[in-house]
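A short worksheet on the structure shown next.
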Amino acid sequence: MDLILKGGRVIDPSQGLDGVRDVGFADGKVAAIAASIPKGTAEVRDVSGLIVSPGLIDLHTHVYWGGTSLGIDAEEFCRTSGVTTAVDTGSAGPGNFMGFRKHVIERSQTRILAYLHVSHAGIYGFSNTVMVGESEDIRLMDPVTAAQVADANRDVIVGIKVRVGRHASGDQGVAPLDIALQVADETGMPLMCHIDEPPPTYEDVINKLRPGDVLTHAFRPFPNAPCTVQGTVKPAVLAARRRGVLFDIGHGMGSFSFKTARAMLANGFPPDTISSDVHALCINGPAYDQVTTMSKFLCLGMSLSDVIKASTETAAFALKRPELGSLKPGSAGDATILSVDEGSFDYADVIGEHLDGKMKIKSRGVVVGGKWWHPN
């Protein structure tokens with residue numbers, strides 16, 4: 001063994017595991033889980049009283065730092081928020097992806113995967129002073145090059161991204177989504193679709209999505225919420241889940257409301273995946289990071305195991321990366337050490353509602369590639 005996490009409460013939904021165990025790592029992978037693992041020559045970290053989960057996956061981030069105005073530094077973010085896999089969702093398009101790969105992805109100690117934007121330059125006009133929807137100009141759609149770039153970078157590109165809505169696609173409506181779906185079909189990859197205010201409607205978007213595709217910003221506020229004013233889930237939303245569409249949170253600066261979340265959870269419709277949509281305009285609030293977003297759902301009544309599952313096992317399923325999101329022996333050697341603190345914690349959604357939460361999930365350390373990786 002190279003590293004042993006000793007005496008923590010291991011919560012691994014992929015194995016149905018919730019109990020005190022040692023977790024051992026060797027050669028960059030999970031090597032063993034047992035009641036007690038002999039120390040040998042391994043580094044030992046006492047994590048008793050803490051929670052050990054598979055490495056957290058944030059399925060929606062923007063980490064093309066320096067390449068786009070919304071990008072944040074992936075390593076700083078991951079160290080403090082317990083994320084071992086940051087999935088960038090469309091910051092780069094086929095025209096600038098290789099710069100993202102060379103200057104950010106390949107230099108990062110933590111894992112960065114990406115959904116490639118169908119727009120030539122990705123999300124290029126997103127700041128405090130400039131806000132231009134890249135899908136608004138159909139001339140920027142670049143399906144041929146996107147398919148080529150995605151096919152040539154399958155080790156790090158996990159799918160195709162498109163943004164539609166009044167802000168993202170303007171009077172183009174669902175046309176960019178139709179183009180992106182062609183790229184996804186051509187490459188055999190899943191699609192992640194952003195939705196903001198109408199047009200198009202929520203139904204217009206999800207009715208086009210295929211099994212395994214991801215709708216992000218799924219619990220957004222009115223207009224284009226997934227629930228009715230009576231608090232029921234829209235029939236098209238239920239139908240989409242039945243056929244295998246995945247619903248992702250993607251909190252961000254404008255895409256999550258407590259009102260919507262309460263209605264969806266009350267109807268037995270939890271999110272498939274919990275993600276922060278962290279970027280330069282929401283990292284200091286209201287999203288902050290992955291563990292804060294997870295904490296909101298814990299305070300709204302989801303179980304800790306289900307919150308962790310939505311940030312590990314199901315996120316890995318969406319990525320088609322079964323080696324992630326699990327502590328099964330042979331899996332990627334990533335783990336997150338967490339605590340659940342009790343007290344009074346102020347949480348805010350994107351429309352200004354505040355929630356006095358009694359619990360807060362905090363990151364206490366991370367293991368990346370079988371090694372302890374934390375600023376402390």
Problem - Filter pass, Gln148 being farther than 30 Å from Val368 by Cβ and buried (at least 17 other Cβ atoms within 10 Å of the Cβ) - result: no
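Within the range 196-212, identify whether any single residue is part of a loop (DSSP other than H, G, I, E, B), within 17 Å of the chain's Cα centre (by Cα) and surrounded by 24 or more Cβ atoms within 10 Å (Cβ to Cβ), and answer yes or no.
Checking the range 196-212: not a single residue is part of a loop (DSSP other than H, G, I, E, B), within 17 Å of the chain's Cα centre (by Cα) and surrounded by 24 or more Cβ atoms within 10 Å (Cβ to Cβ).
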Practice task
Spot the failing condition for Gly244; the list is (1) more than 21 Å from Asp349 (Cβ to Cβ); (2) in contact with a helix residue (DSSP H, G or I) (Cβ under 9 Å, 6 or more places away or on another chain), and only one is missed.
Solution key: (2)
Problem - Entirely in the range 1-82, the strands (runs of 3 or more DSSP E) that have 1 or more residues that are surrounded by fewer than 16 Cβ atoms within 10 Å (Cβ to Cβ) - result: 17-26, 29-34, 43-46
Completion exercise
Expected single match for farther than 19 Å from Thr68 by Cα and in the same structural domain as Thr187 (by TED's automatic domain parsing) among Asn153, Asn128 is Asn153
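Residues Val144, Val158: which one is part of a helix (DSSP H, G or I), β-branched (Val, Ile, Thr), farther than 24 Å from Phe222 by Cα and modelled with pLDDT of 95 or more?
Step by step, each of Val144, Val158 is checked, and only Val144 is part of a helix (DSSP H, G or I), β-branched (Val, Ile, Thr), farther than 24 Å from Phe222 by Cα and modelled with pLDDT of 95 or more.
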Fill in the blank from the handout: Filter the range 126-141 for residues that are in contact (Cβ under 8 Å) with a residue 40 or more places away in the chain and not in a helix (DSSP H, G or I); the one that is farthest from the chain's Cα centre (by Cα) is Val130
Practice task
Please indicate, with yes or no, whether at least one residue in the range 86-108 is surrounded by fewer than 24 Cβ atoms within 10 Å (Cβ to Cβ), under 17 Å from Asp289 (Cα atoms) and polar (S, T, N, Q).
Solution key: no
Exercise for the section: Having 1 or more residues that are surrounded by fewer than 16 Cβ atoms within 10 Å (Cβ to Cβ) is the bar; report the helices (runs of 4 or more DSSP H) wholly within the range 261-369 that clear it. Expected result: 304-309
Completion exercise
Sole miss for Asn224 among (1) surrounded by fewer than 16 Cβ atoms within 10 Å (Cβ to Cβ); (2) touching a helix residue (DSSP H, G or I) at 6+ places or on another chain (Cβ under 6 Å); (3) polar (S, T, N, Q) is condition (1)
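The values are calculated or read from the model by the stated rules, or taken from the named source; none is laboratory data. Just so it is clear, the structure is predicted and the values come from calculations on it, not from any experiment. Here Cβ is always computed from backbone atoms with ideal geometry, including for glycine, and neighbour counts include all displayed protein chains.
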